[in-house]
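The values are calculated or read from the model by the stated rules, or taken from the named source; none is laboratory data. Because the structure is a prediction, the values reported are computed rather than measured. Neighbour counts run over all protein chains shown; Cβ positions are idealised from the backbone, glycine included.
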Amino acid sequence: MLEPLLGSKNRERILLYLCGRPEGYAREIARFFKTDLDPIQKQLDRLELGGVLYSHQVGKTRLFGLNPRYPFLPELRCLLEKAIEFYPPEARENLVITRRRPRRKGKPL
Amino acid sequence: MKSVARMSLAEFAAYVSSHLRKHGIRAVLSGGACVSIYTGNRYQSYDLDFVENVPSSRKRLQEVLSAMGFTESDRCFKHPDTDFFLDFLAGPLAVGNEPVHHTAELTFPTGTLVLLSPTDCVKDRLAAYYHWGDKQCLEQALLVTQNAAVDIRDIRRWSAGEGKLAEFERIRSKFLEARRKRE
């Protein structure tokens, strides 16, 4: 949807994914969109270099999030949120709803 | 002129800043190096973060810096005669959500340095404190307030714009105390 503006489908996927969550990592994003890991990693690096994303290491995983210090973040969020509204209800729900609260290991769902 | 090996951080930054400007690259020093300069090295930084409002091409930057003896490694520029290194961050020049319209200039025998003003330097450090919870950055903001003229009212206004007015009110007394120490 925003690909013509952002210049890359994976860049759009990453931003949409991170718009609905505090943080995410490359493999999780690639798995969510059923796509290859490598182009997602490349776009994550580019977005971080451009100041749009931040990252930090937790154990062996590099977590990424929308950079709260990016000066265009409020406007970018508006754009992403509007783009999410155009998705079909099921896809929209998947994009914005994720379980982040803690759950004891082994506890049945 | 002093050799690069003997330059202080501020002199080295001014040397780089002037050279870049001579070649049409207007980069503004930001980040921890400004804290170092405004506090007379009470906080020591080796990392010189420059930001350009209108970015020049990476190739042009590489050419100019290479002619000065810098080599690029992992997107940072290093000079063989000093431990200080340069990083060019993605613009625009901003503190949080606000663009920076007025920069400061300091002149040294090695050149003229364009950098964040003390007030914007405090905002830059506070942005890191507000958004990352980095307490060292709050200490740095207070150190700058203790050592340079800072507009606390403007910082309060900016904090409100960042959605952090309540947090600023919580730490405001520390800034007033830091300013008193300077006076």
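Some points to look at:
- Each residue in the range A:1-55 was checked for being of a type in the set (A, V, I, L, M) and surrounded by fewer than 17 Cβ atoms within 10 Å (Cβ to Cβ), and 4 pass.
Quick grid of which residues meet (1) assigned by TED's automatic domain parsing to the domain that holds B:D49; (2) buried (at least 20 other Cβ atoms within 10 Å of the Cβ); (3) at negative phi:
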residue: B:G111; (1), (2), (3): yes, yes, no
residue: B:H131; (1), (2), (3): no, no, yes
residue: B:K135; (1), (2), (3): no, no, yes
residue: B:R153; (1), (2), (3): no, no, yes
residue: B:E162; (1), (2), (3): no, yes, yes
residue: B:L165; (1), (2), (3): no, no, yes
residue: B:R172; (1), (2), (3): no, no, yes
residue: B:L176; (1), (2), (3): no, no, yes
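- When the strands (runs of 3 or more DSSP E) confined to the range B:43-106 are screened for residues that are within 14 Å of chain A (Cβ to nearest Cβ), those reaching at least 3 such residues are found at B:47-52, B:85-89.
- Test for A:R77: is it touching a residue at least 12 places away in the same chain (Cβ under 8 Å), within 14 Å of another protein chain (Cβ to nearest Cβ) and exposed (fewer than 15 other Cβ atoms within 10 Å of the Cβ): yes
- Selection within the range B:141-167 - modelled with pLDDT of 95 or more, in a helix (DSSP H, G or I) and not aliphatic (A, V, I, L, M): B:T145, B:Q146, B:N147, B:R153, B:D154, B:R156, B:R157, B:W158, B:S159, B:E167
- Options B:S56, B:S3, B:S66, B:S73: the member that is surrounded by 16 or more Cβ atoms within 10 Å (Cβ to Cβ) and either of a type outside the set (F, W, Y) or over 17 Å from B:R125 (Cα atoms) (or both): B:S56
- Residue pairs whose Cβ atoms lie under 9 Å apart, sitting 6 or more positions apart in sequence or on different chains, and linking a residue in the range B:66-80 that is more than 17 Å from A:D45 (Cβ to Cβ) to a partner that is hydroxyl-bearing (S, T, Y), are B:M68/B:Y15; B:F77/B:S66; B:F77/B:T71; B:K78/B:T71; B:H79/B:T71; B:P80/B:T71.
- In the set (1) in a loop (DSSP other than H, G, I, E, B); (2) within 14 Å of another protein chain (Cβ to nearest Cβ), B:G40 fails one condition alone, (2).
This table checks each residue for (1) modelled with pLDDT of 95 or more; (2) under 22 Å from B:D124 (Cβ atoms); (3) touching a helix residue (DSSP H, G or I) at 6+ places or on another chain (Cβ under 7 Å); (4) among the basic types (K, R).
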position	(1), (2), (3), (4)
A:C19	no, no, yes, no
A:Y25	yes, no, no, no
A:F32	no, no, yes, no
A:P39	yes, no, yes, no
A:G50	no, yes, no, no
A:L53	yes, yes, yes, no
A:L80	no, no, yes, no
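- If you go through the range B:86-106 and keep only what is of a type in the set (G, A, S), in contact (Cβ under 8 Å) with a residue 40 or more places away in the chain and surrounded by fewer than 19 Cβ atoms within 10 Å (Cβ to Cβ), you end up with just B:G91.
- Looking only at the range A:56-70, and only at residues there that are within 14 Å of chain B (Cβ to nearest Cβ), out of contact with any Asp or Glu (no Cβ under 7 Å at 6 or more places or on another chain) and surrounded by 14 or more Cβ atoms within 10 Å (Cβ to Cβ), the one that is nearest to B:L126 (Cα to Cα): A:R69
- Failed condition for B:S30, given (1) over 30 Å from A:R77 (Cβ atoms); (2) touching a strand residue (DSSP E or B) at 6+ places or on another chain (Cβ under 8 Å): (1)
- Single match in B:A127, B:A149 (criterion: without any contact (Cβ under 8 Å) to a residue 60 or more places away in the chain and within 14 Å of another protein chain (Cβ to nearest Cβ)): B:A127
- Pairs are defined by a Cβ separation below 7 Å, a sequence spacing of at least 6 or placement on different chains, a first member in the range B:1-15 that is of a type in the set (S, T, N, Q), and a second member that is in a loop (DSSP other than H, G, I, E, B); the pairs so defined are B:S3/B:D81.
- Condition check for A:A26 on (1) away from chain B (no Cβ under 14 Å); (2) free of Cβ contacts under 8 Å to residues at least 12 places away in the same chain; (3) of a type outside the set (S, T, Y): one failure, at (2).
- When the test is whether a residue is among the hydroxyl-bearing types (S, T, Y) and either within 14 Å of chain B (Cβ to nearest Cβ) or under 25 Å from B:G91 (Cβ atoms) (or both), A:Y87 does not pass it.
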